1. Relative to a virtual label point 7 Å from the Cα of ARG372 in the Cα→beta-carbon direction, which members of segment 258-287 show backbone nitrogen distances below 18 Å?
2. Pick out, in residue order, every one of the trypsin sites (Lys or Arg not before Pro) in segment 109-143 that is DSSP loop and has at most 10 other C-beta atoms within 10 Å; say none if there are none.
3. Where the eigenvalues come from the Cα gyration tensor of segment 262-326, what are the semi-axes √(5λ) of the equivalent ellipsoid, largest first, in whole Å?
4. Would you mind counting up the charge near VAL293? Only other residues with Cβ under 11 Å from its Cβ, with Lys and Arg at +1 and Asp and Glu at -1.
5. From the backbone phi of segment 119-125, what are the Karplus-calculated ³J(HN,Hα) couplings (6.51 cos²θ - 1.76 cosθ + 1.60, θ = phi - 60°) in whole Hz, Gly and Pro given as x?
6. With a 1.4 Å probe and every protein chain kept in, tell me what percent of the accessible surface of the chain is carbon plus sulfur.
7. What is the set of long-range amide H partners of LEU290 at a cut-off below 5 Å, with H atoms built 1.01 Å from backbone N?
8. Given H placed 1.01 Å from N in the peptide plane, which residues other than close sequence neighbours of VAL204 have an amide H under 5 Å from its amide H?
Amino acid sequence: MRDIVEIGIGREARRTYELDDIALVPTRRTRSSKDVDTSWRIDAYDFELPMMMHPTDAIASPESVAEFARLGGLAVLNAEGIWARHTDAQDKIAELVELAKNAATKRESEAVNRKLQELHSAPIDTDLLVERIKEIRATGAITAVRVSPQHARELAPLAIKAGIDLLVIQGTLISAEHVTAQGEPLNLKDFIGSLDVPVIVGGVVDYQTALHMMRTGAAGVIVGTGFTTSPGALGIDVPMATAIADAAAARKDYLDETEGRYVHIIADGGIDTAGDIAKAIACGADAVALSSVLATVNEAPGQGYAWPSVAAHPKYPRGAVWQVVEDERELVSLEEALFGPSASPFGDRNLAGGLRRAMAKCGFTDLKSFHRVELSVRPKGF
């Protein structure tokens, strides 16, 4: 039964929950973390970790993508980002970060966003994009790129021809039919059906949209809006625990509807620690997207700074360039962030080890069975 509260005469709202509002409840015998399997398989592709790299230029370069893939995760390059627009992308990002370091006022912070908008005003260089994709493929990595619904028709065929393995169609929020007053609307079901690679789509925040996305033929659905300023900019805030659970309910209904077709759920938003990863999977996710937590690694182009792709929107950015690590000497290797060893007691290092231990303490040895772990709701303000 849904928890409905009255917020005023004639207006009601559903009570929803963030990942911070819930906790795992161990109710079974414990196991050794060595017995836990965190592998994830989507379509024909196997990953050692149930983790995707969020496609932002701050963390995803051809080099960091290849390294993340080597370590067992699904890394995604933004096909509409700085790396596809500028041959000297790393230098451009360094200029942006230097500007952000010296931003002390609101106006100076806005100048950082204007610089990001300027970098994105350069046209996408399709030859450069193909070169980036081939550079990643040459490492042997499973190769994936992100395109927006607005540019999917133009860029997806090009990326597929260049040899990608997976396509991610992602906007802040997405629907089964992207309606526009300019040109023909994008019908995702028809579009995905015409492609030769598996597709992950998102983001969604509710049961009905998640179900619609599954009916498009997508292999995976992204739940959440990533790390944006949408709550203030649009009034849209995503209660991730509830959104994941709703999408998991849609997956169950779709599984029954299709007599066995399983669609993967990837949680994208509010994932900063191993505990967040564990709780997202407990709510029903198959994998999570890592964003600002990966801005703390040496391989990240942003060197301690992070921003979402929507921060570069030419008219209404919904994100900013912000500092995640105060001192570059605090940056660690990507391998340490994922596998340790770590001296941090807060769960922001050795993410894979933390997930394994959470599952082991609750008595589960694989990701899908972990969906059954018992949950509790924390009192507000706890």
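The values are calculated or read from the model by the stated rules, or taken from the named source; none is laboratory data. The shown structure was predicted, so the numbers you read here are calculated from the model rather than taken from an experiment. In this analysis, Cβ positions are derived from the backbone assuming ideal geometry, glycine residues included, and neighbour counts consider all displayed protein chains. With ligands, DNA and RNA removed, areas are computed over all heavy atoms of the protein, side chains included. Shrake-Rupley method; radii C 1.70, N 1.55, O 1.52, S 1.80 Å.
1. 281-286
2. Those that pass, being in a loop and sparsely packed, number zero.
3. The three semi-axes for segment 262-326 are 24, 17, 9 Å.
4. Details: positive: ARG349; negative: ASP272, ASP276, ASP348.
So the environment of VAL293 carries a net charge of -2.
5. Along segment 119-125, the couplings run 4, 7, 6, 5, x, 5, 8 Hz.
6. 48 percent
7. Residues meeting the criterion, in which the H sits 1.01 Å from N, are MET52, MET53, HIS54.
8. Amide H neighbours of VAL204: ILE222, VAL223, GLY224.
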